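Down below is the structure, laid out as structure tokens.
The values are calculated or read from the model by the stated rules, or taken from the named source; none is laboratory data. From a predicted model like this one, the values you see are computed outputs, not experimental measurements. For neighbour counting, all protein chains shown are included, and Cβ atoms are generated from backbone atoms with ideal geometry for every residue, glycine included.
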Amino acid sequence: MSPSRVLTLLLVLLVVLSLLTDDTEAARRRRRRRRMRGRRAREGGVRRGARRIRHAAGKRAEFVRRRLRKARRNDEEGKMRLIDGRAEWEGNVQVYHEGRWGNICDDEWDEREGQLVCQLLGFPGLEKVTYSGVYGHVKDRYWMDNLFCVGTEKNITGCRFDGWGVHDCENDEAAGVVCKSHFATTLSPPTLPPRDQPQIVNKTKLTHALDGKLKLRLRGGRTKTEGRVEVKLPGNGTWGLLCGDGWSLFEGMVVCRQLGLGYAQGALSTGNKSDVVISGIKCVGNEDRLEHCLHDAVGDVFCPDPTSDPNIAGVTCVNRIADLVPDHIELARSAHLEDKQLFFLQCAMEENCLAASAVKSQDSGYGWHLETRRLMRFTARIVNQGDEAFRPFLPKQYWEWHACHMHYHSMEVFAHYDIIDSAGNRVAEGHKASFCLEDNNCLPGVEPIFKCANFGDQGISPGCTDTYAYNIDCQWVDITDLKPGTYTFKVAVNPEYKVAEKSFDNNAAVCELIYSETSAWVGNCSLARP
């Protein structure tokens, strides 16, 4: 065999061996890759399984936490507390809802609600209720407004109110209570004085604490008729401030009168870091000077945190202002009885125009709509004898549409209707009356301005009357549960003093009511303060 042929055979053999080696190595690599993929798949499956287990455990843990939080919130829903008082049994009332604390507005706030609050908080009873943020202004939110309780509720959430967070209140309208302390009911005196028991603060007239007259001035306003109220005590060369807790139109009226600036249009609370020298001022509103009002002892200033959250008394004075007076003659003339089934009063029931027993009847089940209610109907005619229009305090965009009455109500509580016994207890459900304020009748030469129709402006012009006739829905007091006898019937307008007037001493018509099983007589009326 020739050398060239041998060389060719060797080259072919080398190529074959190389191919066989490559195939073997490729097969080995493929097997190695398959093994790696299988190992990674097994490891990935383990890791994915572990992740799924961890994720599921985390979801279960979060679910348990949510359920625990929800259960905790449900357990604490409606829980109450008193804040910013001098002792544990007094302060502004707060209620717990959806994990947050909020205040109760003082609209419709009275002894019945205060008694329930003290009872639910475990105190022996109620000493008094407070209004206008006596224990400080609201810093966060209002949860409840227009609260109405029967007194038998197991929780404050069982009372009727406008809805969680629904309100028309300013930050100086916090409702509060002073409950009877446990110390007052102790049968035998303790051997040691009670811990943290505060000294009882009795208010006295400023004239009893001062050697001379109190000087006043307004500072920090846009004009000389408005601003914060500054006072100079006799014998003291520096000016100080008044605490704004509990400051209202009554105190503002006295300040404006003393300064010769007319009438108080607004009682403001402003911010300033000067020294507060007097707190707890309370006026009737007809005093000539501020020192004739009651106050906490001079030097004993209680004004919660006035520097970080300034709460200083201020006022805006005007020369012209409204003055509402109810027509007690028309009230007595129009009063009469009417019996009506609940079937025809469902709209009125939605607007809280009936007694609490009507709501219980509705909850009792079948046949409630056939029950008859006894209503004492009357006409409420309100006269503006001032020299300026009476306007709602809420801006127009906040007026509430009442579907039953088919018009907007500009004031949620414009009037109170109450029947009171000889002991001073309210024995018939005095409900809040929402009005659509307009000029129904005016004196000759006075042109009516306000009209409810078509979302018009609302108010009562000077020299005009707003009349709610006896045949209008809710123009009554539900006396179904009232026993025959002699009572006091009171109709009060602007009862919460939300709109300034010349005087509040003529805002209520107080009449004698003689009720028998077949008739009601109203007479001997006079004008008084709500």
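Exactly one residue among 388, 330, 338 is within 21 Å of residue 252 (Cα to Cα), touching a residue at least 40 places away in the same chain (Cβ under 8 Å) and of a type in the set (Asp, Glu), and that residue is 388.
Test residue 153 against the stated conditions and say whether it is at pLDDT 80 or above, closer than 26 Å to residue 302 by Cα, surrounded by 13 or more Cβ atoms within 10 Å (Cβ to Cβ) and not assigned by TED's automatic domain parsing to the domain that holds residue 281. For residue 153, the condition - at pLDDT 80 or above, closer than 26 Å to residue 302 by Cα, surrounded by 13 or more Cβ atoms within 10 Å (Cβ to Cβ) and not assigned by TED's automatic domain parsing to the domain that holds residue 281 - is not met.
Let's see how each residue does on (1) among the hydroxyl-bearing types (Ser, Thr, Tyr); (2) more than 18 Å from residue 416 (Cα to Cα):
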{"position": "461", "(1), (2)": "yes, yes"}
{"position": "464", "(1), (2)": "no, yes"}
{"position": "479", "(1), (2)": "no, no"}
{"position": "494", "(1), (2)": "no, no"}
{"position": "502", "(1), (2)": "no, yes"}
{"position": "517", "(1), (2)": "no, yes"}
{"position": "528", "(1), (2)": "no, no"}
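Taking the range 170-186 as the range and being within 16 Å of residue 102 (Cα to Cα) and at pLDDT below 85 as the test, the residues that pass are 170, 171, 172. Considering the range 288-329, and only residues there that are among the acidic types (Asp, Glu) and either modelled with pLDDT of 95 or more or surrounded by fewer than 18 Cβ atoms within 10 Å (Cβ to Cβ) (or both), the residue that is nearest to the chain's Cα centre (by Cα) turns out to be 309.
Scanning the range 133-145 for residues that are buried (at least 24 other Cβ atoms within 10 Å of the Cβ), assigned to a loop (DSSP other than H, G, I, E, B) and either within 13 Å of the chain's Cα centre (by Cα) or charged (D, E, K, R) (or both) yields 133, 145.
List the residue pairs whose Cβ atoms are under 6 Å apart, where the first residue sits in the range 101-116 and is within 18 Å of residue 79 (Cα to Cα), the second is of a type in the set (Val, Ile, Thr) and part of a loop (DSSP other than H, G, I, E, B), and the two are 6 or more positions apart or on different chains. Qualifying pairs under 6 Å: 103/138.
Would it be correct to say that residue 78 is assigned to a loop (DSSP other than H, G, I, E, B) and touching a residue at least 24 places away in the same chain (Cβ under 8 Å)? In short, yes.
A quick yes/no check of all residues on (1) modelled with pLDDT under 85; (2) within 13 Å of residue 315 (Cα to Cα):
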site: 229; (1), (2): no, yes
site: 233; (1), (2): yes, no
site: 236; (1), (2): yes, no
site: 241; (1), (2): no, yes
site: 245; (1), (2): yes, no
site: 250; (1), (2): no, yes
site: 253; (1), (2): no, yes
site: 264; (1), (2): no, yes
site: 268; (1), (2): yes, yes
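Scanning the range 441-465 for residues that are part of a loop (DSSP other than H, G, I, E, B) and surrounded by 18 or more Cβ atoms within 10 Å (Cβ to Cβ) yields 450, 452, 458, 459, 461, 462, 463.
Being out of contact with any Phe, Trp or Tyr (no Cβ under 8 Å at 6 or more places or on another chain) and among the aliphatic types (A, V, I, L, M) holds for only one residue in 482, 527, 437, and it is 527.
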